[in-house]
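Inspection log for the structure reproduced underneath, given as structure tokens.
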Amino acid sequence: MSWNKPFGRHGIEAALDGLAAAGVIPAGLDYSRITIEAPREEGLGHVAINAAMVLAKPAAMKPRELAEKIAEALRTDPSVCAVNVAGPGFINITLNDQVWYDELAEILRVGTNYGDTGLGAGEPVNVEFVSANPTGPMHVGHGRGAVYGDALSALLEKAGYKVTREYWINDAGTQIDTLARSFHLRYRQALGEQIDDIPEGLYPGEYLIEPAKTFAKQEGDKWLGEDESQWLDYVRKYAVDAMMDLIRVDLGRLGITMDTFTAESAIVTSGKVQDALDYLDDRGLIYTGVLEPPKGKKPDDWEPRPQTLFKSTQFGDDVDRPLKKSDDSWTYFSTDIAYHLDKFCRNFKIMINVWGADHGGYVKRMQAAVKAVSEDQGSLDVKLCQMINLLDGGKQIKMSKRSGNFITIAEVVEKVGKDVFRFIMLTRKNDAQLDFDLQSVTEQSRDNPVFYVQYAHARVHSVLRHASETFPDVDFSVQALREAPLDKLCDPAELELIMHMARWPKMIESAALSHEPHRIAFFLYDLAAAYHSLWNKGKDNTDLRFIVAQDRELTRARMALIHGVATIVASGLGIFGVTPVEEMR
């Protein structure tokens, strides 16, 4: 029996299989509910498992009795130093030091691929994010959802899923007609018409000026003096394309590349909305009815009328939802149903949508719709991103006049850089409010997580450079460090640092399953803190310095240790789309 991974399942499952083969427990028990993790309290060993607690009933044994049997089997594993049963049946395991040396060697061998897992088994996942209305460039609020969606996609890919990053282009509806009219106004301005104040209801942003000038050069005065009915469709399409060009540039500023852009107009014109509603109707999920007044509405404000309704309450929603407006046109919900059916037909059973917090009331109905159109074969997880409180030195930033009453991604990234922006966006859970202070995010202090983590990576490379100067005849490349005598790493702080690194694969799995990339930021910060702490100990205790001039073999072992730290940091920053640095400037 081999433990294989310190926080993996192989050791415990091998022990359980052995007990089943010996007739101690029934064969074929479900191991899926067994958790294998670090104990919550120090001094209880390295690994804690709940196997006896979850298997006792199906095994027809008392938890404590089963725990003793499992512990007895685990004690035969050469990787295990001690096994203790605590309380009603918890099992705490202490592993020998060689397990941790082997894990560090594995990190050095596979590099930033350490932590890659087959958890997802290539399952297709659709992550729809940003999906900002194409009425202007991306503002800083869009940036949080964009970074979150991209990092979540990278995290799922590392966990073995096949991810498609998708952008839903809302190019239908009244806001797009408003865009077209605003664009036509700027087109007239480009041809020499004096425009003073932008009329109420139109978009005032100066971002429309340049594309309108390009349009004017291309079209000349063709659309001047024409009735709106003549130019609206043509200008609408041109304006949407121009705004999507701006959005693609903004995505590029954040280092984001979408795999697929799906347009609402394409879903509508293809007939897929009617097809989706026909599909639901054939299953008896659409009816004509009268809804109760919405909560908070006064009776005299409410006009009850027969409506075409979807039985969303049958799938967990609070009320049934309208599919048609009073003018018999489809609601946005109808189009969204068709879009998610289209996703399911493209083989996406797992769908993740990243929305702004103001869409919270829309979640249940869309989850109900996905259950309905997929016949419970598909799932939709909606992640809501709270707004960003943008500050500069603790003071609220005023809106940008030139961008049309909002702060653009371009402005913020120009000031702090892509990497800083991306990392800070991931330091809080997506549904928690985030303060983004343009000054503090660039400060070089422990309180600034992006600096603190990057500094750990840079400090490792600084130490490696100094080691090469101290031992010019020693090869400190990662290939050579794989052969370093790791058993010289005997100090508890050194072993604890390796243990922290060894939790990385488990962290990847748990963060991927919960769809919470912010966990990676916390992990990296704690790893950086452990590394900086060990570095500081070397200032007071020369025996713990990374470079020991009188002992090249110990120095090689410690270079292997810190190279492992840099590898994990680089792996985590890779998920975040952040470039690790080798020097701090």
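Points to keep in mind about this one:
- Search result, residues across segment 166-180 that are hydrophobic (A, V, I, L, M, F, W, C) and touching a strand residue (DSSP E or B) at 6+ places or on another chain (Cβ under 6 Å): W168, I169
- Taking every residue in segment 486-501 that is assigned by TED's automatic domain parsing to the domain that holds A529 and pairing it with any residue that is among the small types (G, A, S) and outside any helix (DSSP H, G or I), at least 6 positions away or on another chain, the pairs with Cβ-Cβ distances below 9 Å are M499/A38.
- When E128 is tested against (1) surrounded by fewer than 17 Cβ atoms within 10 Å (Cβ to Cβ); (2) at pLDDT 95 or above; (3) closer than 25 Å to L513 by Cβ, exactly one condition is not met: (1).
- Residue count for segment 205-264, restricted to those that are out of contact with any Phe, Trp or Tyr (no Cβ under 9 Å at 6 or more places or on another chain) and either polar (S, T, N, Q) or over 19 Å from A146 (Cα atoms) (or both): 19.
- Residue within segment 301-314 that is modelled with pLDDT of 95 or more, touching an Asp or Glu at 6+ places or on another chain (Cβ under 7 Å) and of a type in the set (D, E, K, R) present: yes
- Qualifying residue in segment 239-254 (condition: surrounded by fewer than 18 Cβ atoms within 10 Å (Cβ to Cβ) and farther than 29 Å from R165 by Cβ): no
- Matching residues, segment 166-200, being out of contact with any Asp or Glu (no Cβ under 8 Å at 6 or more places or on another chain), among the charged types (D, E, K, R) and part of a helix (DSSP H, G or I): D177, R186, R188
- The helices (runs of 4 or more DSSP H) located wholly in segment 470-553 that include 3 or more residues which are out of contact with any Asp or Glu (no Cβ under 7 Å at 6 or more places or on another chain) and more than 27 Å from K429 (Cβ to Cβ) occupy 478-481, 492-502, 518-540.
- For segment 1-104, the helices (runs of 4 or more DSSP H) that sit wholly inside it and include 2 or more residues that are under 32 Å from the mean Cα position of the chain (by Cα) and modelled with pLDDT under 90 are 10-21.
- Checked against the criteria, R305 counts as in a loop (DSSP other than H, G, I, E, B), out of contact with any His (no Cβ under 6 Å at 6 or more places or on another chain) and of a type in the set (K, R).
- Taking every residue in segment 26-39 that is assigned by TED's automatic domain parsing to the domain that holds E509 and pairing it with any residue that is surrounded by fewer than 17 Cβ atoms within 10 Å (Cβ to Cβ) and basic (K, R), at least 6 positions away or on another chain, yields no pair with a Cβ-Cβ distance below 6 Å.
- Residue that is nearest to F344 (Cα to Cα) [pool: residues in segment 262-288 that are in contact with a strand residue (DSSP E or B) (Cβ under 7 Å, 6 or more places away or on another chain) and surrounded by fewer than 16 Cβ atoms within 10 Å (Cβ to Cβ)]: Y287
- Residue match in segment 524-531 (condition: at positive phi and touching a residue at least 60 places away in the same chain (Cβ under 8 Å)): no
- Qualifying residue in segment 326-343 (condition: small (G, A, S) and out of contact with any helix residue (DSSP H, G or I) (no Cβ under 6 Å at 6 or more places or on another chain)): yes
The values are calculated or read from the model by the stated rules, or taken from the named source; none is laboratory data. Note that the structure is predicted; figures quoted are calculated from it, not measured. Virtual Cβ from ideal backbone geometry, glycine too; neighbours counted across all protein chains shown.
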